[in-house]
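What follows is a single structure, written as C-alpha cells, with notes after it.
The values are calculated or read from the model by the stated rules, or taken from the named source; none is laboratory data. Every value quoted in this text rests on a predicted model; they were computed, and no experiment measured them. Cβ placement follows ideal geometry from the backbone for every residue including glycine, while neighbour counts extend to all protein chains displayed.
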Amino acid sequence: MTVLIDAGNTRIKLDWLDDNSGWRSGRLLAAALDDRAAIRRWLSGLPRLPASAVGVNVAGPSAAALIEDVLERPVKWFTSAPDALGVRNAYREPAQLGADRWAAMLGVAWHEQKRRAGFPADAAAALLATFGTATTIDTLQPVELRPTMGEAQRFEFPGGLIFPGPELMTAALTTGTANLPHAHGDTALYPTHTHQAIATGVAAAQAGGLLRQWLAGIELCGAPPVVYVSGGGWPMVSDEVNRMLKDACRRLHLPLQSVNWLEAPVLDGLARLAVLSK
C-alpha cells in the first residue's frame, strides 16, 4: 500500500494505492494542512500499514515536514518534469510548473487515454479547470493521433491560466473595499442586489476564464475541448459555467458541451507515477 498526498495551498488530500492492482482506493481525506488529528484518524482507518508514501507539495518545506512527521516516514515528493507518462511539458522551464498542476495533467491524460480507447483519432484537447484557493485552467493537447498498436495516446501540456479562486475573489472585495459584504448567493444575468451582484461577478469571471481557454482549444485542435472540472469552489461557479458553455455551443452551432467532474485529478496522476516508480 502506498499513501498518495496532495498538499495544496490551504488543504491536504490523501488517498492510498493498492500496490497489487495499481488502483486508488477512493477513500479520500480532505482536511486542513495542519489538522494532525484528522490525518492520524484517517491513517488509523487504513486496512494495513502503508509501505511507502508519495506526493506533491506546493505548501512549502514546513508542510512537508509536518506531513512526514505525522506519517512517521519519509515521502517521495514528485516535482514537474519535461516528460512523463506520455505527456510532454511545454513550459519554458518545466521545473517551474507547479507539481500539483503537473500531476493533475498526468491524471487527466490517464482519463483521456481511457475515454479515447475506441476513438484513437479524436483530435479534441482536454481542459481541466480546478476551482480551489487559486483557479487553474490547463489544457492537454493530443499528439500522434494514430499511435502505434499497443501504445498509449501521447499528449502535450501547452500551458494554462492561474488566477484567484472563487472564495479568494469574494474575500478580496470584502477586505479591499469599505462597504462590500462577504457575499454568497445565486447568480443572475442582471443582479438586483449587492450579494447577487458579487456572486454573479465572481462566477462570471471564473467561467469567463474557462470559456477563454475552451475557445482557444477549438482554435488549437479544430474541435471543442473535453471539459473536466475539480475543486471545492466548483459549486460557486457551476451554474454560470454551464450557462456560458451552453450559450457558446448554441452560437457556434456545436453539440451541447458536457462537463465532467473529477474528484482528485492530482491523486489520479500520483497513482500513475507511483505505479511507474515501483
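One line per residue, one yes/no per condition, for (1) closer than 26 Å to Tyr190 by Cβ; (2) not in a loop (DSSP other than H, G, I, E, B):
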position	(1), (2)
Glu240	yes, yes
Arg243	yes, yes
Glu263	no, no
Leu267	no, yes
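The set of residues from the stretch 234-243 being free of Cβ contacts under 8 Å to residues at least 40 places away in the same chain and under 14 Å from the mean Cα position of the chain (by Cα) is empty.
Report whether or not Pro166 is out of contact with any His (no Cβ under 6 Å at 6 or more places or on another chain), at pLDDT 85 or above and surrounded by 18 or more Cβ atoms within 10 Å (Cβ to Cβ). Considered against the rule, which asks whether it is out of contact with any His (no Cβ under 6 Å at 6 or more places or on another chain), at pLDDT 85 or above and surrounded by 18 or more Cβ atoms within 10 Å (Cβ to Cβ), Pro166 comes out as yes.
Within the stretch 144-163, restricting attention to residues that are charged (D, E, K, R) and at pLDDT 85 or above, the residue that is farthest from Gly132 (Cα to Cα) is Arg154. Looking only at residues in the stretch 1-27 that are among the β-branched types (Val, Ile, Thr) and assigned to a strand (DSSP E or B), the one that is surrounded by the most Cβ atoms within 10 Å (Cβ to Cβ) is Ile5.
This table checks each residue for (1) among the hydrophobic types (A, V, I, L, M, F, W, C); (2) closer than 30 Å to Leu29 by Cβ; (3) surrounded by 20 or more Cβ atoms within 10 Å (Cβ to Cβ).
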| residue | (1), (2), (3) |
| --- | --- |
| Gly217 | no, no, yes |
| Val226 | yes, yes, yes |
| Glu240 | no, yes, yes |
| Ala248 | yes, no, no |
| Arg251 | no, no, no |
| Gln257 | no, no, no |
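Kindly list, by first and then second residue, each pair from a residue in the stretch 218-233 that is at positive phi to a residue that is at pLDDT below 95, limited to pairs with Cβ atoms under 7 Å and residues at least 6 apart or on different chains. From residues that are at positive phi, the pairs are Gly222/Ala123; Gly231/Gly132.
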